[in-house]
Number of protein chains: 4
Amino acid sequence: MINVGIIGGSGYTGVELLRLLLPRTDVSIRFVSSRAHAGTRVDEQFTSLRGHCDLEFSDPATINQAECDLVFFATPNGTAMHQAPALLEAGVKVVDLSADYRIKDIGTWERWYGLTHTSPAWVERAVYGLPEINREAIRSADLVANPGCYPTTVQLGFLPLLEAGLVDTKSLIADAKSGVSGAGRAASVPTLLAEASDNFKAYGVSGHRHLPEIEQGLTFMSDSPIDLTFTPHLLPIIRGIHATLYAPLKSGVSASEEELQALFESRFKSEPFVDVLPSGVYPETRSVKGSNTVRLSVLKPQGRNTVVVLAVEDNLVKGAAGQAVQNMNLMMGMEETEGLQGLPLLP
Amino acid sequence: MINVGIIGGSGYTGVELLRLLLPRTDVSIRFVSSRAHAGTRVDEQFTSLRGHCDLEFSDPATINQAECDLVFFATPNGTAMHQAPALLEAGVKVVDLSADYRIKDIGTWERWYGLTHTSPAWVERAVYGLPEINREAIRSADLVANPGCYPTTVQLGFLPLLEAGLVDTKSLIADAKSGVSGAGRAASVPTLLAEASDNFKAYGVSGHRHLPEIEQGLTFMSDSPIDLTFTPHLLPIIRGIHATLYAPLKSGVSASEEELQALFESRFKSEPFVDVLPSGVYPETRSVKGSNTVRLSVLKPQGRNTVVVLAVEDNLVKGAAGQAVQNMNLMMGMEETEGLQGLPLLP
Amino acid sequence: MINVGIIGGSGYTGVELLRLLLPRTDVSIRFVSSRAHAGTRVDEQFTSLRGHCDLEFSDPATINQAECDLVFFATPNGTAMHQAPALLEAGVKVVDLSADYRIKDIGTWERWYGLTHTSPAWVERAVYGLPEINREAIRSADLVANPGCYPTTVQLGFLPLLEAGLVDTKSLIADAKSGVSGAGRAASVPTLLAEASDNFKAYGVSGHRHLPEIEQGLTFMSDSPIDLTFTPHLLPIIRGIHATLYAPLKSGVSASEEELQALFESRFKSEPFVDVLPSGVYPETRSVKGSNTVRLSVLKPQGRNTVVVLAVEDNLVKGAAGQAVQNMNLMMGMEETEGLQGLPLLP
Amino acid sequence: MINVGIIGGSGYTGVELLRLLLPRTDVSIRFVSSRAHAGTRVDEQFTSLRGHCDLEFSDPATINQAECDLVFFATPNGTAMHQAPALLEAGVKVVDLSADYRIKDIGTWERWYGLTHTSPAWVERAVYGLPEINREAIRSADLVANPGCYPTTVQLGFLPLLEAGLVDTKSLIADAKSGVSGAGRAASVPTLLAEASDNFKAYGVSGHRHLPEIEQGLTFMSDSPIDLTFTPHLLPIIRGIHATLYAPLKSGVSASEEELQALFESRFKSEPFVDVLPSGVYPETRSVKGSNTVRLSVLKPQGRNTVVVLAVEDNLVKGAAGQAVQNMNLMMGMEETEGLQGLPLLP
């Protein structure tokens, strides 16, 4: 039995952590904090938890975080960098679901997030929590920077191509589409149902904060300079990301669709949460709704030079809370898949 | 050519007034005011208007309302009661889309809206803008209180039954469902797509502000005391209200479904914006999307004692801006249907 | 470990049975039959099951049903009445999710379903599978008629009022709204996304097949003749039923909202799958998405004479497959809640 | 006043033609044919037309097409190639909304559509009905092949770049997303609300019939061989296409985002139905809902080498019926914009 805490538990990643952790008998949730809702029952905010959760939201000022083995930060960007170091120094492990520790180059981070980083030393020690790449490092990490939602699908989709050195890394394209839960639970006009439903649009095309995170990851995989064109779009659905990835084969490289299929199957055959679909089957976001699985297809349309990868995830699970639990499992020496085996909800 | 102005034009009823009025050659829009957006182009807020609208939002403080023949208030409750009287005294006609002048009993209004009314004398002079009941009074009105969205469907649905004295007015039920645009364009958590889509719930069951407005109208029709149970629900659609109305036949009254059908057809046969559907056809909200029409069905299921009326409208058109334009047409001596003949958008 | 089979497994109730049963270590699924898909892998139809299900759809003609302890019929109406008797006579227990055994009066059934019943003797022996009413009878039943989706919420919502004899049973109204998965997975124009989304309508108002089923149940509870006006509507959501129930207090009966709240809490306090919400909180369909729980509120608006009950369920879980599993648990001597403790998916 | 007929009027493009043509006083609709619905009123199928349409569906066998000046084919692929020639020879003009006359190379058409073409001579004489490219030819055409929905946005989006010779035509990518009305009004499982809502997926990635149509158009514009990777996706909305286009600048070509913006504005400044958005504003599908406008943005993210174009249309209007009416206007010597000036419906 381990003891965990959740800082910033009133958003969608907070309630999703609860959905995944409450049924577990090997994890005890010691606190869920929320400045705004301190003192009210968690199941008043989230009626879906009634009968499964007796917790109240705690005031962050009053909680004893040191009684935890591990603490999740489900806070807005800029909070964990202030609060995590004290915890880490007290021997508590941390999984940060925000962006504070994801980018190794402090200057890059500060430019994209518009803040001065207050704990750069911990950035260096943080492990980027994508188990499919960093599994062993995660096992021994004190601080895991949980990847962003878009970066998870985009990196996993490009991974086999980059590791194998098949594609031109200066001409990568990620056309990504996300459900609105990715924008969080804050009141805002653009994500109102009356604005976002029966509608579709791109946003952040000239520059989205997930771009440097993805490029850092792709550079690491390929050991080559990366130029990625990343176009996020807002989907009128609640959960789900679909990334459509395009990469031209390097000049002089030939690879058939069958060879690419075999490459993907081989790369991910031991991965519990990556499912390479059979040739001819394309992924759909609902096929992973509520689950920690990424499903992938790889194609080479019309036998031409451009490889197309289709990748889906549930942005709140593998793109956030599920991956955080997967990281917790690894960090605490538990079975990696524990508590993450629930089937997707379809239809 | 008449001159009109719109006060509070940055919400959904504001843009809908523009959609209906901009194509007209007999109406000139002199200003659209918005405190928040003063100085910016209207088509920046509403890209749909590009190419059809050169207006900027005006600061309410700087506009010359007196140059208008008629001014629409598309403001939150509590604004028109302050600003309309000066206009009216300057000879400008007013259509108020808010609730300020809808309820004749000042005490009732103040109790439900939590405000002290500042122009009770104009409440008395205001005409309730439901043309199917008050057409002649509207023609000569200076101030029209445009009905609420729910009250329009519910009153029109009950109208033939109450006028004919067929049903027990102490046991009326209106189970009403509205799209989220009825909640307006303000940022709020409950109307986020991630909260309201793939979801359905009732709200305001213990008491909704449209209850006294509806009961006042039904009392007027029937000349009897009314007890209405009114249950509003939030539909995961953008536009549309569906009211399902239940009324028991009075003891001693018998009326077949055919007789009820004939009663409804007869009552509304001259109404340009009320469509009684043939027997066996039920209305659906999309059949009036973007149009000023209310469609109605009347049934007596299983030959029992309870009459069921189904009524649909587009809450932004017949439930708000369209009815306001219909009232303007009447007040200005124009053809009642002018500018309101557009076909619904289906699918 | 028990052995079960599923006849007719390619629809929504079929895949939902699989979602609930596959993770269980105490249940072995011996076959899933489908005439249309025989010979293909189940996870080809339902990609969500990949990694959790190695079954192929069987041809109904070739399966050995007798190797099962219990067989689920997830077939269209009119199939189980032909096939269940042989199984039952071979000692296999049956849970029928179709309507074949729900209505005791054969004439009534034949009139509403337009078929001649071929096993009326088993109708008499069948137990209506609403555990909140029939728990003990279900434990010893060979054949359980699993209730319809609407009948489950409507009966549970009225139950405390009827048992306590508080309301006039000749004036009951159930205004019910269902997500489209209730219409099944057959290709049809009215449930296309382009027809049913951004839309809302009533259907079957003059007579829906669930009416006699509900009236039979309500009569049983109240021991009084019942007149129910039942109005189903189609919601543009996938899963979820919301029933808004209206009942006038009997002449001479007075009961405050607080007393009604206490009555409901008392009636359901031991029920694992019925959640009476605190006063002032209304249920929403998403609060039970993917779970076997019914949530209820009871109100008496404006202190008048009409009691309003709000009830939600997931039509594929408590309204179909979940209740079927609950019944299986009872019939097989397992813990009633086994495999049904998963948390709802929210958002 | 001109006389027109609609062959195949019971689908979404049929009802959309009616929505656009019924209000016109300069166009008389002589017949709307439908084999399946012959003899029933059109407004029984489409309640939205009640009060605006007294037509019945005609049996195709009984109509006198020769009384028309122009006939629209809103039929499945493979019908117009049989029926149009007789009409054309009788002097009736034809706008074919199907794909029969879109592709000049008969072999290519037959390979992609799996049919033998029965009127190849008319393929040669047909004019491809994209007014922004072929306006003058359309004015004098007898037979216009109305473009597909995807091809309209994709071609208009690439047009300025190809005409100016700025981009590498062997590395074009079109990542396109369409609402489900593009799949038509036929009953089918994949477009059921319960399958397609709250979901997103790609389809036809290995080869979609619009690929050769688009490549033919792009080749015509650029006079260069084209390699396009075209990835269509299904959006859970009713109307709307969003195409996200990617093209690398040719080696040696430099062009700033400002220069690209100026190029697009200049190319389309006289086009009544193409709206180039100001720099920094991105199009959204709802901004053109119900209207004949395409809105475009052009970007060069991060100052890199890849040009990104965002383009939206209403697939039933500019992508089908609206463009057909625009073509009719041109062919009949009417004002090009007549009947197409309605404002989009937002929200």
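The numbers here are math on the coordinates, done by the rules we state, and not lab data. All values derive from a computational prediction rather than experimental measurement. Every residue, glycine among them, receives a Cβ derived from its backbone with ideal geometry; neighbour counts consider all protein chains shown.
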Placing +1 on each Lys and Arg Cβ and -1 on each Asp and Glu Cβ in the range C:150-317, then taking the dipole about the Cα centre, the residue among C:Pro160, C:Gly252, C:Gly184 whose Cα reaches farthest towards the positive end is C:Gly184
Amide H contacts under 5 Å for B:Leu172, restricted to residues at least 5 apart in sequence or on another chain and with H modeled in the peptide plane, are B:Asp227, B:Thr229
Nearest-0.05 FRET efficiency for D:Arg139 and B:His82 at R0 = 41 Å, using Cβ-Cβ distance, is 0.10
Taking Rh as the Kirkwood radius computed over alpha-carbon pairs of the protein assembly as shown and applying Stokes-Einstein at 4 °C with viscosity 1.567 mPa s, one gets a diffusion coefficient in µm² s⁻¹ of 39
Yeah, the range D:268-322 with a ≥ b ≥ c from its alpha-carbon gyration tensor (a/c under 1.5 is rounded, else prolate when a/b outruns b/c, oblate otherwise) is prolate
By Cβ neighbour count within 10 Å, fewest first, B:His82, A:His52 rank B:His82, A:His52
Neighbours of A:Thr75 by Cβ distance under 11 Å: Lys/Arg at +1, Asp/Glu at -1, summed charge -1
Everything considered on the Cα gyration tensor (a ≥ b ≥ c; rounded for a/c under 1.5, else prolate if a/b is larger than b/c, else oblate), the range B:208-293 must be described as oblate
Both in Å, the radius of gyration and Dmax of the C-alpha trace of the range C:135-247 are 15.6, 47
The rounded separation in angstrom of the Cα centers of the range D:297-347 and the range D:30-101 is 25
In deg cm²/dmol, rounded to the nearest 500, the helical mean residue ellipticity at 222 nm of chain B, built from -39500 (n - 2.57) for every DSSP H run of length 4 or more, is -8500 deg cm²/dmol
Relative to chain D, whose Cα atoms define the longest principal axis, helix D:257-268 and its Cα axis are tilted in degrees, nearest 10, by 30
Output row for D:Arg139: copy-to-copy label distances, label 7 Å along Cα→C-beta, ascending, in nanometres, one decimal, is 4.9, 7.7, 8.8
Tilt, helix A:80-89 to longest principal axis of chain A (alpha-carbon atoms), in degrees rounded to tens, equals 70
Rounded to the nearest 10, the angle in degrees between the Cα long axis of helix B:149-163 and the longest principal axis of the Cα atoms of chain B comes to 40
Here the relative contact order (percent) of chain D, from C-alpha pairs under 8 Å and at least 6 apart, is 17
Taking a crude spin-label model, label points 7 Å out from Cα along the C-beta direction, the C:Asp54 to C:Ala187 distance in nm is 3.4
Dividing the alpha-carbon radius of gyration of the range B:2-125 by 2.2 N^0.38 Å, where N counts its residues, gives 1.09
In order over the range D:311-317: 3J(HN,Hα) from phi, Karplus 6.51/-1.76/1.60, θ = phi - 60°, whole Hz, x for each Gly or Pro, gives 9, 10, 8, 8, 4, 8, 9
Rounded to a whole number, the mean other protein chain Cβ count within 10 angstrom for residues of B:288-300 is 3
Each label sits 7 Å from Cα toward the beta-carbon; between A:Arg35 and D:Val253 the label points are separated, in nm, by 5.1
Quick calc, the protein assembly as shown, dipole around Cα centre from Cβ unit charges on Lys, Arg (+) and Asp, Glu (-), nearest 20 debye, gives 0
At 10 °C and 1.306 mPa s, the Stokes-Einstein diffusion coefficient in µm²/s for chain B, with hydrodynamic radius from the Kirkwood sum on alpha carbon pairs, is 77
Least to most buried among C:Ser10, A:Ser270, B:Ser224, by other C-beta atoms within 10 Å and fewest first, runs A:Ser270, B:Ser224, C:Ser10
Compactness check, the range C:83-130: C-alpha Rg relative to the 2.2 N^0.38 Å globular estimate gives 1.12
Largest first and rounded to whole Å, the semi-axes √(5λ) derived from the alpha carbon gyration tensor of the range C:200-253 read 25, 14, 11
Quick calc: nm separation of the 7 Å Cα→Cβ label points for A:Ala121 and B:Ala66 -> 7.3
Mean other chain Cβ within 10 Å across C:205-214 is 2
Row for the range D:63-206, column shape: gyration tensor on C-alpha, a ≥ b ≥ c, rounded if a/c < 1.5 i.e. under 1.5, prolate if a/b over b/c, else oblate; value oblate
About its Cα centre, the range B:184-280 carries a charge dipole, from +1 on Lys and Arg Cβ atoms and -1 on Asp and Glu Cβ atoms, whose size in debye to the nearest 20 is 360
Long-range share for the range A:181-325, i.e. C-alpha pairs more than 23 Å apart as a percent of all pairs, stands at 44
HN-Hα couplings for the range D:184-197 via Karplus (6.51, -1.76, 1.60; θ = phi - 60°), in whole Hz with x for Gly/Pro, come out as x, 9, 7, 4, 7, 5, x, 9, 4, 4, 5, 9, 9, 7
Lys and Arg at +1, Asp and Glu at -1: neighbours of A:Trp109 with Cβ under 10 Å from its Cβ sum to 0
Counting sequence-distant residues (5 or more places) and residues on other chains, those with an amide H built under 5 Å from that of B:Leu192 are A:Leu193
Exposure proxy check on D:Tyr150, B:Tyr282, A:Tyr113: fewest-to-most Cβ neighbours within 10 Å is A:Tyr113, B:Tyr282, D:Tyr150
Partner shielding of C:240-247, as the mean number of partner chain Cβ atoms within 10 Å, equals 3
Copies of B:Gln302 compared via label points 7 Å along Cα→Cβ give distances in nm, shortest first, of 2.7, 6.2, 6.6
Taking Lys and Arg as +1 and Asp and Glu as -1, residues besides C:Thr153 with C-beta under 11 Å from its C-beta add up to +1
For the range D:150-317, the dipole about the Cα centre with charges only on Cβ (Lys and Arg +1, Asp and Glu -1), to the nearest 20 debye, works out at 320
For B:Val32, other-chain or 5+-apart residues with amide H closer than 5 Å (H placed, Pro excluded) are B:Ile6, B:Ser58
